[in-house]
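> Input: one structure, supplied below.
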């Protein structure tokens, strides 16, 4: 067993056994509630400042550490104990004001658009012209859609610091925007929508295909039904952010397998209709909660059993992560019935 594997096991063990409100060998991992109550000072709705009565820093992973307390601002602070984040590096100079955006090594389109980008929009709104004096901290390189988001918001990429290049750093003021919890949607999302949403006439009916895993195995047959109901086939290919915004803003009806691309329903007009296709072993509530927050009418069609057999009776319908990559078999009869009876198409 190598060191990295051993540390991964240690991290998983820490998540399970270490109490979040108590110190363990002088170290603590306070949960979100404790973090807010004991380590943060409220400034505005959803915006806090880390208390300045104890030394604080931001680790290479984006986790805020106050003394020996690793704060929970996103979904836990345990990425601070990855091997790559423990090695020594040249300390960055002390900065005047910073806002950590994320504290995990993993990142996908959904978490960027729903969890991180709204922090950028909220900071732009709150700080106004003074946002140019604020540095945003992120544990890794930005990809194309992340860069496009920053530029679309009128923010400067020069104010984005890759913590992997700097190591841990300190600041005169550390701001924080804690997330509300896994699968929950933060109201900051509306600030992002107000800056970037495109006003369109929602008339198009779209079927959004999906590449990679979690595909529709009988897609040709399913789309034949959708085609007769006036749907367009939209390939799953990389698109600039502005094109994704315009595509979803023009849609009155969307059918798609569950996946990160559905994060774009935040750009839909209120009362747009979305039907998510999922298998009965993996049907997470991310997009149902997102649609509810955005005023989008949400439905879900569970069909097929993926590739690994029927769901275990004792497991939650969405927590069966082993089925995360399973393909989906659409119940064609149920799809016809839904389009006819629910959407009257």
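> How many residues does segment 61-73 hold that are part of a loop (DSSP other than H, G, I, E, B) and surrounded by fewer than 23 Cβ atoms within 10 Å (Cβ to Cβ)? Steps first, please.
Going through segment 61-73, the residues part of a loop (DSSP other than H, G, I, E, B) turn out to be 61-63, 67-68, 71-73.
Adding the requirement that they be surrounded by fewer than 23 Cβ atoms within 10 Å (Cβ to Cβ) leaves 67-68.
Residues flagged as part of a loop (DSSP other than H, G, I, E, B) and surrounded by fewer than 23 Cβ atoms within 10 Å (Cβ to Cβ) within segment 61-73 amount to 2.
> Looking only at segment 241-260, which residues are over 16 Å from residue 303 (Cα atoms) and crowded, with 22+ Cβ neighbours inside 10 Å? Reasoning before the result, please.
Filtering segment 241-260 down to residues over 16 Å from residue 303 (Cα atoms) leaves 241-254, 260.
Passing the criteria: 248, 251, 253, 254.
> Related question: I'm trying to understand the selection: among the residues of segment 12-53, which are out of contact with any strand residue (DSSP E or B) (no Cβ under 8 Å at 6 or more places or on another chain), in a strand (DSSP E or B) and modelled with pLDDT under 90?
Matches in segment 12-53: 24 only.
This table checks each residue for (1) buried (at least 17 other Cβ atoms within 10 Å of the Cβ); (2) over 18 Å from residue 264 (Cα atoms); (3) modelled with pLDDT of 95 or more.
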| position | (1), (2), (3) |
| --- | --- |
| 115 | yes, no, yes |
| 118 | yes, no, yes |
| 129 | no, yes, yes |
| 165 | no, yes, no |
| 200 | yes, no, no |
| 205 | yes, no, yes |
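> Does residue 340 satisfy the condition of being modelled with pLDDT under 90 and either more than 19 Å from residue 108 (Cβ to Cβ) or not in a helix (DSSP H, G or I) (or both)? Talk me through it step by step, then tell me what you get.
Values: modelled with pLDDT under 90: no; either more than 19 Å from residue 108 (Cβ to Cβ) or not in a helix (DSSP H, G or I) (or both): yes.
In short, no.
> Please work out which one of (1) outside the structural domain of residue 64 (by TED's automatic domain parsing); (2) in a loop (DSSP other than H, G, I, E, B); (3) on the phi < 0 side of the Ramachandran plot is the condition residue 214 fails and give its number.
In the conditions (1) outside the structural domain of residue 64 (by TED's automatic domain parsing); (2) in a loop (DSSP other than H, G, I, E, B); (3) on the phi < 0 side of the Ramachandran plot, residue 214 misses (3) alone.
The values are calculated or read from the model by the stated rules, or taken from the named source; none is laboratory data. Keep in mind that what you see is a predicted model, and the values were worked out from it rather than measured. Neighbour counts run over all protein chains shown; Cβ positions are idealised from the backbone, glycine included.
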